[in-house]
Amino acid sequence: MENITQRPWGYYRVLHEVGPNTKLKELTVNPKTCLSMQRHEKRAEHWFVAQGTAAVYGIDSSTDVELMGTYEQFDHIHIRRTQWHQLCNETDKSLKIIEIQYGEDCVETDIERQ
């Protein structure tokens, strides 16, 4: 596969970009790993579970981490702009997410980590 960006949790690749405002990515999350707790100032995200089971965490108003939900294949999740979120694969099988980013600017530097 081309244009793969390796990460400690797995990898992602950009599938398509429509200017600076829309980006389509594929994320592959290895078993028993999580991305960082994060949020974005300039974009929202929509996730489609293509394979596996996704556990999604957020931060509530009291700053406690809470499970937002567990999502199975073909489920989808909307992440609002500035919403804290963390994607985890708590299973023994790979998780594949199709991510649509959209907003003012869809760049990797628009990230704040907890």
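Computed quantities for the displayed model
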item: Sparse-neighbourhood loop sites, GluC sites (Glu not before Pro) in the stretch 32-66 - DSSP loop, at most 15 other Cβ within 10 angstrom; result: E41
item: Per residue value of the accessible surface for the chain (all protein chains in place, 1.4 Å probe), Å²; result: 57
item: The stretch 75-82 - phi-based ³J(HN,Hα) in whole Hz, Karplus 6.51/-1.76/1.60, Gly and Pro as x; result: 6, 9, 9, 9, 10, 6, 4, 6
item: Pairs of Lys in the chain closer than 18 Å at Cα, counting only those 8 or more apart or on different chains; result: 6
item: Percent accessible area from carbon and sulfur atoms, the chain, protein chains only, probe 1.4 Å; result: 49
item: Charge dipole (debye, nearest 20) of the chain; +1 at Cβ of Lys and Arg, -1 at Cβ of Asp and Glu; result: 200
item: Relative contact order (percent, whole number), the chain, Cα cutoff 8 Å, 6+ residue spacing; result: 37
item: Loop sites in the stretch 57-114: chymotrypsin sites (Phe, Trp or Tyr not before Pro), DSSP, at most 13 other Cβ within 10 Å; result: F74
item: Cysteines (scope the chain) whose Cβ has no counterpart Cys Cβ under 4.7 Å; result: C106
item: Pairs of Cα atoms farther than 17 Å apart, the stretch 57-97, %; result: 36
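The values are calculated or read from the model by the stated rules, or taken from the named source; none is laboratory data. Here the structure is a predicted model, which is why all the values come from computation and not from measurement. As a convention, Cβ positions derive from the backbone with ideal geometry for all residues, glycine included, and neighbour counts pool all protein chains shown. SASA here: full protein model, heavy atoms, side chains in, ligands and nucleic acids out. Shrake-Rupley method; radii C 1.70, N 1.55, O 1.52, S 1.80 Å.
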